[in-house]
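Here's the structure, in structure tokens; my notes come after.
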Amino acid sequence: MNAPVDSSPVNLLGMPRTELEAWFTDRGEKTFRARQLMQWVYRRSVLDPGAMTDLSLALRESLDRDVALGLPQVREHRESADGTVKWLLEMGHGQDVEMVFIPEEKRGTLCVSSQVGCAMDCPFCATGRQGFNRNLSAAEIIGQVILAIRELGGTGEDSPVSNVVFMGMGEPLANFKEVVKACDLLTDDLGLGISRRRVTVSTSGLVPQIQRLAELSNVALAISLHAANDKLRDELVPINRRHNIAELLDACWDYADRTNSKQVTFEYIMLDGVNDQPRQARELASLLVGRPAKVNLIPFNPVPGTPYERSPGATVDAFRKVLMDKGVITITRRPRGNDIDAACGQLAGNLDNRISAPLGAKTMHTGHRA
Ligand code: SAH
Ligand code: SF4
């Protein structure tokens, strides 16, 4: 017997609803098959076609033969003393990314990666130090979410993950197409059904992609600002040399307007003596006051080999007070998962010394899980 010309399985994971419907109709199946499959995969977190009992036996068998619905493989799984969980995921060819779950009283936030490494070269960031390797596919992005839900003992319908943030490894808007598909599946009722306000894309400031995102999606937007003038931002966030602060903020206000969003979040890492002085708070306030903006002050998580240090708590408090007094909503982010290097900017998969260092964290699980 001859083997089929192309016998590699098609990955149906990561296909938005319309694409999946087209895939079924091309095979002579009814479009509602897409709906059934999505319900199994995203709502019930079942990935084995054999277990999809409302599909005909013949269809189950052909799916079993022809399609892939694979999740990323877990290489290591660690839990912090504060309940934060970090997974190191294998993406093939020795490439790893990290994913972090942060449980809070009223929500569970999953921080996903969009690329292996990052090309944006921000000098304070562990991922940036690692350089760029490759983009993740929509299947690998949405696969992280399904995997986390399953690892945490839930299903899409009864999910411990209420919020998803693209704040893991990578610059999501540099992997635009796949990230938009993943956002589509995160927010689709037949996908994970998460409210669009609870899905956040964080970007260092790729202006043309922010404009395109407003056309294709309406998820929440976060900007890694970190500086209130171009001279300093050129240094801290090098993409600023291509799209300066004025251009970036215009794109943000336009995004909020077009997507009917209450606000854009501005992330601001507090770097001791670099960007944390009261005059810099006033400069920041003047950019944001009266705008649909919220500031998130982030304690810097030290990255070996960088010259930066964390601002003292009193400096952060004073900075926040200036902003608040000027009428800019400002919150200070509490560091989470520090003991397992799971905090923002400490995500640098494939650095074995990070994951294996004895940091007082308990290793929950090592190896693969289907
Ligand atoms: N590339 C995107 C999303 C991933 S980075 C972006 O830059 O927005 C997610 C957040 O972590 C960003 O706000 C980033 O600036 C921040 N971050 C990076 N390195 C950090 C560090 N060492 N300490 C604290 N936050 C850091
Ligand atoms: Fe990339 Fe974001 Fe890190 Fe900058 S902060 S290097 S954009 S991951």
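The values are calculated or read from the model by the stated rules, or taken from the named source; none is laboratory data. Small disclaimer: the values here were computed from a predicted structure and weren't measured. Cβ sites come from the backbone with ideal geometry, for glycine too, and all protein chains shown count toward neighbours. With ligands, DNA and RNA removed, areas are computed over all heavy atoms of the protein, side chains included. Shrake-Rupley method; radii C 1.70, N 1.55, O 1.52, S 1.80 Å.
How large is log10 of I(q)/I(0) for region 10-68 at q = 0.21 Å⁻¹ when the intensity is taken from the Debye formula with one equal scatterer per alpha-carbon? Taken in order of the listed q values, log10 I(q)/I(0) reads -0.75. Note on region 22-127: Rg/Rh from C-alpha atoms, Kirkwood Rh, equals 1.09.
Can you flag which of K106/K294; K294/K326; K86/K177; K106/K262; K30/K177; K262/K326 are past 22 Å Cα-Cα? Table pairs above 22 Å Cα-Cα are K86/K177; K30/K177.
Beta-bridge orientation, region 73-340: approximately 45 percent antiparallel, per DSSP, counting only bridges with both partners inside.
Comparing V112, V100, V237 in a Gaussian network model of the chain (Cα springs below 10 Å), the most mobile by mean-square fluctuation is V237.
Between K321, K294, K106, the GNM of the chain built on Cα springs shorter than 10 angstrom shows K106 fluctuating the most. Solvent-accessible area per residue in the chain equals 44 Å², computed with a 1.4 angstrom probe and all protein chains kept. For region 104-144, GluC sites (Glu not before Pro) meeting the loop criterion (DSSP other than H, G, I, E, B) and having at most 10 other Cβ atoms within 10 Å: E105.
Just so you know, the Rg over Rh for region 93-219 is 0.95, from Cα atoms, with Rh as the Kirkwood radius. With contacts taken as Cα pairs under 8 Å at a separation of at least 6 residues, region 10-68 carries a relative contact order of 35 percent.
The string of couplings for region 306-311 from the Karplus curve (6.51, -1.76, 1.60, θ = phi - 60°) is 9, x, 8, 10, 6, 5 Hz, one whole number per residue in order, with x for Gly and Pro.
Rounded to the nearest whole Hz, the Karplus-based 3J(HN,Hα) values (6.51 cos²θ - 1.76 cosθ + 1.60, θ = phi - 60°) of region 51-59 follow the sequence 8, 8, 5, 8, 9, 5, 4, 4, 5, with x at glycine and proline. Per the Debye formula on identical point scatterers at the alpha carbon atoms of region 73-340, with no solvent, log10 I(q)/I(0) at q = 0.13 Å⁻¹ is -0.85. Residue ranges 126-135, 174-183 sort as 174-183, 126-135 when ordered by packing (mean number of other C-beta atoms within 10 Å per residue, highest first). So, with a 1.4 angstrom probe, what is the percent of accessible area on the chain that is carbon and sulfur? Result for the chain: 48 percent of the exposed heavy-atom area is carbon or sulfur.
Using C-alpha pairs under 8 Å with a sequence gap of at least 6, the mean separation divided by the residue count of the chain gives a relative contact order of 18 percent.
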